[in-house]
Amino acid sequence: MGTIQLRGIGRSFTSTTAVRDITLDIDDGDFLVLLGPSGCGKTTLLRMIAGLLEPTTGRILLDDEDITELPSKKRDLAMVFQSYALYPHLSVRKNLAFPLRVQKLSATEIADRVQDVAASLEIDHLLDRKPKELSGGQRQRVAVGRALVRNPKAFLMDEPLSNLDAKLRTQTRQELTALHRRLGATFVYVTHDQVEAMTMATKIVVLNAGQIEQYGTPEDVYDRPESVFVAGFLGSPAMNLLDAQIVAEDGRVAVTAPNLAGDLWAGTTDPIDVVLGIRPEHLEIATEDGRRGGVRLAVTVDIVENLGGEQILTCTTGSGRVHVRTSRDVRVATGTDLTLRADAEHVHLFERSSGRRLEWVTEPVTRVDRAAEPALVS
Ligand SMILES: Nc1ncnc2c1ncn2[C@@H]1O[C@H](COP(=O)(O)OP(=O)(O)O)[C@@H](O)[C@H]1O
Ligand SMILES: [Mg+2]
């Protein structure tokens, strides 16, 4: 078992509050990713769970036992650091054995466990080397191995892949996912990398300025961001965010912005300033015989980037910049004027003042006048 409960956890330093009143249940077997930009409090929160830093407020429970006051080495948790924190003067074998010696296990038991873990991570041929004789990827495995030998209730990892090159990062990411599946253990994993979060997590906590912005599965967080912050943080290129207004006229409710028209119906008749969000993969070039309805946006193509498998169009419109992800079969030249469209179900609305998601109805009660749409340009 490895359930971790955070109850109102906070941490202040003299000049800043790094983590503020976080309450969260981490279930046994979860791969929970703490995701957020640099400085949002990820490391501080993880260090409090590990017992390396005292919280200013709140309690931490491990399998229903209050461990808030328990020293780090008595918590049945293992931490993998960004810097790996291996002992440079010790061999891989001794680095792996170290946590077991602290636990005062017998020499044969230690040797067996070290051998098992080394074999499972395919580092058994490196046991007699020193850390400086290893590649970055091998050091990373030793660091994971040192957490693994202890057979802890949960693994805590702070950006463990950030020192690896891109190719190795992808490979190690897949290895960690496989390791998690194999062990069925609880992982709490810190990263600022949204791809790591999307691919590895069973649950994501998006942190912003020391607070939880959203908690959910990767699908929840990507498909239904609860705030402008989350919408803009996940996705590459990020979600297009345009300032718009919801206006009510003659009993109709429409969303308007420069160069934009659409049959959108928010659950309000008050005029409010909104942010309208559309992911680059949900925009397509509108054609006369193509699909109708949804949102249309008149743009000028500024840049066409060929990514090999697909292309990214960077366009300008009255209300800012817009990225579109398309197949390379779509031939467009820079400088072209186009009309883009997106289905209504792929349009996200946020209240501009609070940044929070707005609920709205996708089926319009009455449709917006066709005449109000920008003319098709193609
Ligand atoms: N020991 C410390 N003393 C003072 N401020 C700190 C300390 N540790 C972290 N902070 C501050 O707390 C905030 C969160 O830091 P951190 O948890 O390291 O963020 P992250 O890991 O998300 O980048 C930052 O503003 C950082 O400067
Ligand atoms: Mg950090």
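Explain nothing, just compute: Karplus ³J(HN,Hα) = 6.51 cos²θ - 1.76 cosθ + 1.60, θ = phi - 60°, for every residue of region 160-176 in order, whole Hz, x for Gly and Pro.
Whole-Hz 3J(HN,Hα) from phi for region 160-176: x, 9, 5, 8, 9, 6, 3, 5, 5, 5, 4, 5, 5, 4, 5, 5, 5.
Measuring from label point to label point, each 7 Å out along Cα→Cβ, what is the Tyr215 to Asp302 span in nm?
The answer from the label model is 3.9 nm.
Would you calculate the separation in nanometres between label points at Arg224 and His125, each defined as 7 Å from the Cα along the Cα-to-beta-carbon direction?
4.9
Under the rule of -39500 (n - 2.57) per DSSP H run of 4 or more residues, summed and divided by the residues of the chain, what mean residue ellipticity at 222 nm is obtained, to the nearest 500 deg cm²/dmol?
One gets -6500 deg cm²/dmol as the mean residue ellipticity at 222 nm.
Within 13 Å, Cβ to Cβ, of Arg328, how many net charges do the neighbouring residues add up to if Lys/Arg are +1 and Asp/Glu are -1?
Result for the local shell: -1.
In what sequence, highest mean first, do 291-297, 42-48 appear when ranked by Cβ atoms within 10 angstrom?
42-48, 291-297
Can you figure out the FRET efficiency of Lys94 with Gln171, using R₀ = 25 Å and their beta-carbon distance, to the nearest 0.05?
Once the sixth-power term is evaluated, E becomes 0.40.
Apply the Karplus curve 6.51 cos²θ - 1.76 cosθ + 1.60, θ = phi - 60°, to the phi angles in region 305-318 and return the couplings in whole Hz, x for Gly and Pro.
Couplings: 10, 8, 9, x, x, 7, 9, 10, 9, 9, 10, 10, 9, x Hz.
Amide H of Asp302 versus every other amide H placed in the peptide plane: which residues, excluding those fewer than 5 positions away on the same chain, fall under 5 Å?
Answer set, sorted by chain and number: Thr314, Cys315, Thr316, Gly335.
Measure off 7 Å from each Cα along the Cα-to-Cβ vector at Asp76 and Val330, then give the distance between these two points in nanometres to one decimal.
5.3
Give, as a single signed number, the net charge of other residues whose beta carbon lies under 13 Å from the beta carbon of Ala97, with Lys and Arg counted +1 and Asp and Glu -1.
Taking every Cβ under 13 Å from that of Ala97, the sum is +3.
Calculate, in nm to one decimal, what Arg59 and Ala107 gain on full extension: separation in residues at 0.36 nm each, minus their alpha carbon distance.
Working: separation 48, 0.36 × 48 = 17.28 nm, distance 3.70 nm.
Net length gain for the segment: 13.6 nm.
Which order, highest average first, do 101-112, 159-170 follow once you tally other Cβ atoms within 10 Å for each residue and take the mean per peptide? Walk me through the intermediate numbers first.
On the way: 101-112: 11.8, 159-170: 15.8.
So the order, starting with the most tightly packed, is 159-170, 101-112.
Enumerate the amide H contacts of Phe31 below 5 Å, restricted to partners 5 or more residues apart or on another chain; note that Pro and chain-start residues carry no placed amide H.
Hits under the 5 Å cutoff: Phe187, Thr202, Lys203.
Provide the per-residue ³J(HN,Hα) series for region 285-300, in order, calculated from phi with Karplus coefficients 6.51, -1.76, 1.60 and θ = phi - 60°, each as a whole number of Hz, with x at glycine and proline positions.
Once θ is set to phi - 60°, the couplings for region 285-300 become 7, 6, 10, 4, 9, x, 5, 10, x, x, 10, 10, 9, 7, 9, 10 Hz.
How would you rank 61-73, 330-342, highest first, on the average number of other Cβ atoms within 10 Å across their residues?
330-342, 61-73
Going by alpha carbons, how many degrees (0 to 90, nearest 10) lie between the helix axis of 136-148 and the longest principal axis of the chain?
Between the helix axis and the principal axis of the chain, the angle is about 70 degrees.
Would you mind counting up the charge near Thr316? Only other residues with Cβ under 14 Å from its Cβ, with Lys and Arg at +1 and Asp and Glu at -1.
The answer is -1.
Coordinate-derived values only; no laboratory data. This one's a predicted model, so the numbers in the text were calculated from it and none came from an experiment. With ideal geometry, Cβ positions are generated from the backbone for all residues, glycine too; neighbour counts draw on all protein chains shown.
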